[in-house]
Amino acid sequence: MSYVDEVLELVKKKNASEPEFIQAVTEVLNSLRPVVEANEELYRKNAILERITEPDRQFMFRVPWVDDKGQVQVNRGFRVQFNNAIGPYKGGLRLHPSVNLGIIKFLGFEQIFKNSLTSLPIGGGKGGSDFDPKGKSDREIMAFCQSFMTELSKYIGADVDVPAGDIGTGAREIGFMFGQYKRIRGTFEGVLTGKGLTYGGSLARTEATGYGLLYLTLELMKCHGESMEGKTVVVSGAGNVAIYATQKAQQMGAKVVTCSDSTGWIYDPEGIDVDLLREVKEVKRARLTEYAAARPSAEYHAISADNRSGAGVWQIKCDIALPCATQNELLLDDAKQLVANGCKCVCEGANMPTTIDATEYLQANGVWFVGGKAANAGGVATSALEMSQNSERLSWSFEEVDAKLQGIMVNIYHNIDDAARRYGMEGNYVAGANIAGFEKVVNAMLAQGVC
Ligand code: NDP
């Protein structure tokens, strides 16, 4: 049995109840086969694959808080510190009822390679809770965030582990958590990113993941002799990533015709009105039905029978598809529909939105496919730029951060393209991203000895 297969077996056995984690490890290790085969003796002797698939440590803790009726509620909190070979652990905090240890581990594992790809010194980690922020008052959100940080503060720090936002964790939640950290530890330090601009946040961080996705997509298109001008784009999601991806795609001359949330999706053939979408989702925190009510050109489709609310967006004819909602939202049948409709390019704004069989189908049918590790790395890259600004106690202008972000995303595209070519897999950007991210981390691990 090959070394990759041996470790895959081991990971499946040790983590049998964590399907998302197994899915992520399988995707990464399969695409690393040529690199592992070329260095098998060295990697085996140093147990590189066993070490990189086992988190440095993982914390699971009780988060008690009091709701507006005076009732005590209890959630479960998580932080997985996966690998700090190239820098302090870095990765977001997800607040969603679906969160469990397996999901946090899959996200933390992917984060190792994504962070490495940014070329910045950050390791991989992830955290969150099964707390559902939907429908909670600001006071309830604060009560939860303070309780969550009371425990989390024991394990993080500006040079140790620097969490950020993710699904359900936006500026409001980061603010409450930062306040509590400061209160407990008595230090004002860059322990979280995605902070407000008045207390150490970075300009362009809010836009970074969506904008970065489009900078990379544009570079990919250019390298294939195409542009964004006049292209029809379908986007899923209606959160932070989806909104700023839509805005930047439109600024580049494309027309984005869809968005979705956890209850339904919109088809707007005249192009999504981003200002309206922001008003509905960011300000009112409302459902997409409100977007449809205010926009005569928009069709609203309620959640589908198979319970996949955004699945309908993949039925719409497009040149480019950008999944920006959540994991496993683009399945094999969706991929078939995209190919049948002539879609040329899929770049992932979300983490692991495309299943492995759907990815393989897209690649086999000539679709340029860039996975989230590379395509959505702009968010964490700009978080690392926020850390740099905090360390030097300075704030850079929007233009300066945005220009750095553009440079990073263009660089990531060329790195993953080169890595794929070096191993004879030209055009396989999934393998290219995993290889480029992996090589840097493994070199650091080997240099640092057995730890
Ligand atoms: P948000 O919470 O801002 O938005 C998520 C969007 O996806 C919302 O519209 C939400 O609907 C929808 N959604 C969530 N779960 C489901 C579901 N099960 N089915 C259908 N729709 C769903 O999160 P972000 O935009 O920040 O994150 C989106 C993705 O991008 C995630 O995979 C995240 O890990 C990834 N990512 C985010 C980064 C960032 O900087 N924010 C960086 C890199 C990756 P509703 O409005 O109803 O809640």
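The values are calculated or read from the model by the stated rules, or taken from the named source; none is laboratory data. Keep in mind it's a predicted model, so treat the numbers as computed, not measured. Backbone-built Cβ (ideal geometry, glycine too); neighbour counts: all protein chains shown. Remember, those area values only see protein heavy atoms, side chains included, never the ligands or the DNA or RNA. Shrake-Rupley method; radii C 1.70, N 1.55, O 1.52, S 1.80 Å.
Please compute, for the alpha-carbon atoms of the range 12-58, the extent along each of the three principal axes and give them in descending order in Å.
31, 22, 15
Taking every DSSP beta bridge with both residues inside the range 3-189, roughly what % is antiparallel (nearest 5)?
Antiparallel bridges make up about 65 percent of those DSSP assigns within the range 3-189.
Over the chain, calculate the relative contact order: mean separation of alpha carbon pairs under 8 Å at least 6 apart, over the residue count, as a percent.
15 percent
I want to verify the translational diffusion coefficient of the range 3-189 in µm²/s; compute it with Stokes-Einstein, Rh as the Kirkwood radius over Cα pairs, at 4 °C and 1.567 mPa s.
Working: Rh = 17.4 Å.
Result for D is 74 µm²/s.
Quick one: in the range 208-370, what % of C-alpha pairs are over 22 Å apart?
The answer is 34 percent, as a whole percent.
How long is the range 379-451 along each principal axis, judged by its Cα atoms, biggest number first, in Å?
So the extents along the principal axes, rounded to whole Å, are 43, 35, 14.
State the answer as a single residue: which of Leu322, Asn15, Tyr211 lies farthest towards the positive end of the charge dipole of the chain, with beta carbon charges of +1 for Lys and Arg and -1 for Asp and Glu, about the Cα centre.
Farthest towards the positive pole: Asn15.
Taking H placed 1.01 Å from N in the peptide plane, check which residues at least 5 places from Val370 or on another chain put their amide H under 5 Å from its amide H.
The answer is Val346, Cys347, Glu348.
Computed FRET efficiency, Cβ-Cβ of Glu270 and Lys336, R0 45 Å: what is it to the nearest 0.05?
Between Glu270 and Lys336 the formula returns 0.95.
What share of the DSSP beta bridges in the chain is antiparallel, in percent to the nearest 5?
So the antiparallel bridges amount to about 55 percent of the total.
Arg287 accessible area, nearest 10 Å², 1.4 Å probe?
Spelled out: Arg287, probe radius 1.4 Å, area about 80 Å².
Mind checking the dipole of the range 208-370: about its Cα centre, +1 per Lys or Arg Cβ, -1 per Asp or Glu Cβ, Debye to the nearest 20? Could you put the intermediate results ahead of the total?
Numbers: 14 positive and 20 negative charges, 41 e Å.
Value, rounded to 20: 200 debye.
How big is the antiparallel share of DSSP beta bridges in the range 208-370, given as a percent to the nearest 5?
Details: 8 of 20 bridges.
Of all bridge pairs located within the range 208-370, approximately 40 percent are antiparallel.
Can you tell me how much longer the chain between Ala158 and Glu226 gets when fully stretched, taken as 0.36 nm per residue apart minus their C-alpha distance, in nm with one decimal?
20.3 nm
For Lys317 paired with Glu189, estimate the spin-label separation in nm (one decimal), with each label point 7 Å from Cα along the Cα-to-Cβ line.
5.7 nm
Taking N as the number of residues in the range 1-81, what is its Cα Rg relative to 2.2 N^0.38 Å?
1.57
Let me check against my output: what whole-number percent is the relative contact order of the range 208-370, with C-alpha pairs under 8 Å and at least 6 apart?
Working: 351 pairs, mean separation 34.4, N = 163.
The value is 21 percent.
Pop out the Kirkwood hydrodynamic radius of the chain from its pairwise C-alpha distances, inverse of mean 1/r, in Å to one decimal. Don't skip to the end; give the middle numbers.
Numbers: mean 1/r = 0.0454 Å⁻¹.
After inverting the pairwise mean of 1/r, the radius is 22.0 Å.
Evaluate the relative contact order of the range 3-189 (contact order divided by residue number), counting alpha-carbon pairs under 8 angstrom at least 6 apart; express in whole percent.
21 percent
Could you give the size of the charge dipole of the chain about its Cα centre, using +1 on the Cβ of each K and R and -1 on the Cβ of each D and E, expressed in debye and rounded to the nearest 20?
So the dipole magnitude of the chain works out to roughly 1060 debye.
Any chance you could list the semi-axes, whole Å, largest first, of the equivalent ellipsoid that the Cα gyration tensor gives for the range 293-361, using √(5λ)? Present the calculation step by step, with values, prior to reporting the outcome.
On the way: eigenvalues 84, 42, 27 Å².
Value: 21, 14, 12 Å, ordered largest first.
What are the residues whose amide H is under 5 Å from the amide H of Ala286, where those residues sit 5 or more places off or on another chain and H is modelled from the backbone?
Lys281
Label Lys13 and Asp138 with points 7 Å out from Cα along Cα→Cβ: what is the distance between them in nm?
If labels sit at Lys13 and Asp138, their model points lie 5.4 nm apart.
Need the full-extension length gain, Ala293 to Glu37, defined as separation in residues times 0.36 nm minus the C-alpha distance. One decimal, nm.
86.5 nm
Given charges of +1 on the Cβ of Lys and Arg and -1 on the Cβ of Asp and Glu, with all other atoms neutral, how large is the dipole of the range 1-128 about its Cα centre, in debye to the nearest 20? Before the final figure, lay out the partial values.
Working: 17 positive and 15 negative charges, 102 e Å.
Charge dipole of the range 1-128: 480 debye, to the nearest 20.
Please compute the length gained on full extension between Thr198 and Thr263, using 0.36 nm multiplied by the number of residues separating them and subtracting their Cα-Cα distance.
Extending this stretch completely gives an extra 20.0 nm.
List the GluC sites (Glu not before Pro) in the range 226-325 that DSSP assigns to loop (not H, G, I, E or B) and whose Cβ has at most 11 other Cβ atoms within 10 Å. Which are they?
Here the GluC sites (Glu not before Pro) that fit, given the DSSP loop and packing criteria, are Glu229, Glu270.
Hey, can you rank 88-94, 98-104 by average C-beta count inside 10 Å, highest first?
88-94, 98-104
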